[in-house]
């Protein structure tokens, strides 16, 4: 979103779902071509879609309320989920002899900030496909009320990504936010108040991208281009996996050196010497976490925020503080001078928000993801993170996924989680409710991890 807001703007308004059958029909017909030729995904493999088909049939028959929780490793995921719901699901239903009423669709929650950097037309399109915008940095009561109403009475199931944002690691699940589990329990509460006895089921969906014809030579070429772009001297020119890993570690260290110097000299952030660690990977991980804390501290200091223990919460609070300066309800009451000063605040808030965005890009980088299993797919994940980060620093936003070669995606349906099994705990007291939400969130995470297929190449 950086660079988008140059002046103070009116408040961001809620974008409700306004499902349109003609829009859905058109997009659904065009999607397979866009996935293949626009995204470069040569194959979309559905696994255990039969479970989704059976629960979707029960949903349409009014026997269950359905909440879909999907993994979010990549910005292409919403389109892949569309392909699952609009093509793989009806195909599987026909094969099983199930009669599903078209359209087989799902309402979905998406970040209200997406139309700011992707274009207002995306907000229009998402609404017509069943999307509900939500502000991540605050309690968005309007979005949550809409989601609850749709969960209770909506024509389609509701889908959301518990990871909150892309983590760009195909074999690593990011920390999950509790919102999906909480929505499910709220639906049970609403059903009870309405005198209706229906199960509420959360169905986890795994998404994993892999290379079709992986090539270490291609990785070596990309590494050479990255080294050249960043001005990092190449430690070697070998395309052997172990040598490439050494080059990757060297490049990451070079980038960390520059970022630490930037924050130390420009923002007076302290980077004390780390205690002795047992490996270069452990040192890299410790340095990354130290840098992320410094980047967030710079933003928090400007906005007057106190750090919390939870990284995701820190990011959301910074985002909301920035948005309050960018999108203001009092613009009509401001004088010309005050409007100019408000523009200053909006511009500076947008710049300060970049520190949080930088931290977000490295949130899931552990330092050991590639080292613990040196496969070309994991290596490609990290190379793309570095490539996207440098593109972002330069103000570019291209789709770089094709750089690593042709890809395919596996969409796996997990085992259903019936929230009725946790209902007595949830209703016991406030502590029980928190525990129930935590247990369900942990179960979703375990399902996500079980749906990841380790790659050998």
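Read-outs throughout are calculated quantities, based only on the coordinates presented, and are distinct from any laboratory measurement. Note that the coordinates shown come from a computational prediction; the quantities given were computed from them, not determined experimentally. With ideal geometry, Cβ positions are generated from the backbone for all residues, glycine too; neighbour counts draw on all protein chains shown.
Taking the Cα centre of each part, how many Å lie between the stretch 359-392 and the stretch 73-92?
25
Given the -39500 (n - 2.57) contribution per DSSP H run of 4+ residues, what per-residue ellipticity at 222 nm results for the chain, rounded to the nearest 500 deg cm²/dmol?
Details: 16 runs with 235 residues, N = 457.
Rounded to the nearest 500, the figure is -17000 deg cm²/dmol.
Decide, for the chain, between rounded, prolate and oblate: order the square roots of the alpha carbon gyration tensor eigenvalues as a ≥ b ≥ c, take rounded if a/c falls under 1.5, and otherwise choose prolate if a/b is larger than b/c, else oblate. Walk me through the numbers before you get to the answer.
Values: a/c = 1.62, a/b = 1.23, b/c = 1.32.
Oblate shape, in that a/c is at least 1.5 and b/c is the bigger or equal ratio.
Report the label-to-label distance for residue 20 and residue 438 in nanometres (one decimal), using points 7 Å from each Cα along the Cα→Cβ vector.
4.6
Determine, from the Cβ-Cβ distance of residue 374 and residue 101 and an R0 of 60 Å, the FRET efficiency 1/(1 + (r/R0)^6), rounded to the nearest 0.05. Don't skip to the answer; put the middle values down first.
Numbers: r = 48 Å, r/R0 = 0.81.
After rounding, the FRET efficiency stands at 0.80.
Which residues among the stretch 79-97 fall inside the zone where the amide N is under 19 Å from a point 7 Å beyond the Cα of residue 36, along Cα→Cβ?
It comes to 79-92, nothing else.
Label-point separation (nm) for residue 54 and residue 324, each offset 7 Å from Cα along Cα-to-Cβ?
Going by the 7 Å Cα→Cβ label model, 4.9 nm.
Quick one: length gained pulling residue 337 to residue 415 fully straight, 0.36 nm per residue minus the C-alpha distance?
22.2 nm
Taking the beta-carbon count within 10 Å as an exposure proxy, list 21, 56 from fewest neighbours to most.
Numbers: 21 11, 56 27.
By the 10 Å Cβ count, ascending: 21, 56.
Obtain the nm distance between the two label points defined at residue 286 and residue 213 by a simple spin-label model: each point lies 7 Å from its Cα along the Cα-to-C-beta direction.
Distance between label points: 4.5 nm.
Quick one: length gained pulling residue 139 to residue 279 fully straight, 0.36 nm per residue minus the C-alpha distance? Provide the component values of the computation, followed by the final result.
Values: separation 140, 0.36 × 140 = 50.40 nm, distance 4.18 nm.
Extra length from residue 139 to residue 279 when fully extended: 46.2 nm.
Using DSSP, restrict attention to beta bridges with both residues in the chain and report what percent are antiparallel, rounded to the nearest 5.
Numbers: 9 of 31 bridges.
Taking every DSSP beta bridge within the chain, about 30 percent pair in antiparallel fashion.
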